[in-house]
1. Tell me, which residue of the range 219-252 that is open to solvent by less than 30 Å² (accessible area, probe 1.4 Å) and small (Gly, Ala, Ser) is farthest from Arg172 (Cα to Cα)?
2. With respect to the numbered conditions (1) without any contact (Cβ under 8 Å) to a residue 24 or more places away in the chain; (2) in a helix (DSSP H, G or I), which one is the sole condition not fulfilled by Gly36?
3. Counting only residues that are farther than 25 Å from Pro157 by Cα and within 14 Å of ligand 2 (Cβ to nearest atom), how many does the range 109-129 have?
4. Please go through the range 195-218 and give me each residue that is crowded, with 17+ Cβ neighbours inside 10 Å and either of a type in the set (S, T, N, Q) or within 16 Å of ligand 2 (Cβ to nearest atom) (or both), ordered by number.
5. Being in contact with a helix residue (DSSP H, G or I) (Cβ under 8 Å, 6 or more places away or on another chain), more than 16 Å from ligand 2 (Cβ to nearest atom) and among the acidic types (Asp, Glu) narrows it down to one residue among Glu106, Glu149; which is it?
6. Which residues, taken from the range 66-80, are in contact with a helix residue (DSSP H, G or I) (Cβ under 9 Å, 6 or more places away or on another chain), within 14 Å of ligand 1 (Cβ to nearest atom) and assigned to a strand (DSSP E or B)?
7. Which of the following residues is loosely packed, with under 12 Cβ neighbours inside 10 Å, more than 30 Å from Arg161 (Cβ to Cβ) and among the acidic types (Asp, Glu): Glu68, Glu41?
Amino acid sequence: RAKAAGRGTWRVFAAEMEAEVQARLAIELDLREAMGRGELELFYQPQIDLLSGRLVGCEALMRWRHPERGLVPPSRFIPIAEDLGLITAMGQWALHRACADAAQWEDGVKVAVNLSPVQFTTGDVVLVVSEALRHSGLAPYRLELEITESVLLQDNPATLRTLQDLRALGVRIALDDFGTGYSSLSYLRHYPFDKIKIDRSFVSEIETRPDCAAIVDSIAILARTLGMTTTAEGVETEEQLRLVTLAGCTEGQGYYFGRPLPLNEMTLLHHPGNNAVGGA
Ligand code: C2E
Ligand code: MG
Ligand code: MG
Ligand code: MG
């Protein structure tokens, strides 16, 4: 009996795996065509200076508008694009798109673009960034590149060179999702970051968990001491806003300020002096 049940369980499991493999294959095939068909889009989410309440930048977040599947989130296609080597071209497209968009915004408002670790090992990311800046005419200081610790994990001397070359272009570098992954404090000393983005997992529990509050406090103090700014990611409530401000974070990003939206819905960006942000 146990044996039969075991076999039955296996058969269900195998069928599920088979379905998953098929679903992934279908996505892979479509993803190869997505860029050429113009199905990729950038949404933008506001980043707010906590002291003044002013909009200081927007993070570009990729979306795939699939004809049948609808709006596909990055978690569903970025890892596949990385496996297939498509992310290099997609990342290049995103840099050009984001810089061109930001060049139309109120002066001084920055745009943050996520870079995949794969972009550091394939293709010339420094050249791609400099071309995106040149084509758009965007002032380099208005472009911020977000990288995750996994880029640094490769522990490749070329990575440090690349980050230094990017910074020499005048763009800013932010360390994304800090505190998850393999955070090592030595990264902060060895690599040229302008900003630390404190992972949403700490911010979302800052009200209820003293350990999360302590971690946010410590990162904010450390960053300030090292001359870096900090963004609290995933701020959803007024109380979280109060606590991350109290901790000394310099910027906030999250649904409380606004969700990621298509460019044409972020109308307020075009009105200088308007303190409100697009698309709450
Ligand atoms: P990320 O760079 O850490 O971006 C922040 C993510 O948190 C976004 O998810 C955003 O929608 C979400 N978020 C922001 N505020 C809140 C909040 O208050 N509550 C909650 N629950 N979520 C919030 P999204 O857009 O699904 O992107 C997920 C990840 O995909 C990004 O994480 C980034 O790692 C990656 N990604 C997105 N666009 C690109 C891209 O153009 N290139 C690369 N390589 N990766 C990208
Ligand atoms: Mg990011
Ligand atoms: Mg993040
Ligand atoms: Mg993330």
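1. Top of the filtered list is Ala247.
2. Here Gly36 clears every test but (2).
3. The total comes to 2.
4. Within the range 195-218, Lys195, Ile196, Lys197, Ile198, Asp199, Arg200, Phe202, Val203, Ser204 qualify.
5. Glu106
6. Hit for the range 66-80 is Val72, nothing else.
7. Among Glu68, Glu41, only Glu68 is loosely packed, with under 12 Cβ neighbours inside 10 Å, more than 30 Å from Arg161 (Cβ to Cβ) and among the acidic types (Asp, Glu).
For every residue, the table says whether it meets (1) open to solvent by less than 10 Å² (accessible area, probe 1.4 Å); (2) touching a residue at least 40 places away in the same chain (Cβ under 8 Å).
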residue: Met90; (1), (2): yes, yes
residue: Glu106; (1), (2): no, yes
residue: Val118; (1), (2): no, no
residue: Val126; (1), (2): no, yes
residue: Arg134; (1), (2): no, no
residue: Gly137; (1), (2): no, no
residue: Ala174; (1), (2): yes, yes
residue: Ser183; (1), (2): no, no
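The values are calculated or read from the model by the stated rules, or taken from the named source; none is laboratory data. The structure presented is a predicted model; accordingly, all values stated were derived computationally and were not measured. Heads up, the Cβs are rebuilt from the backbone with ideal geometry, glycines too, and the neighbour counts pull from every protein chain shown. Each accessible area value is taken on the protein alone, full model and side chains, heavy atoms only, with ligands, DNA and RNA left out. Shrake-Rupley method; radii C 1.70, N 1.55, O 1.52, S 1.80 Å.
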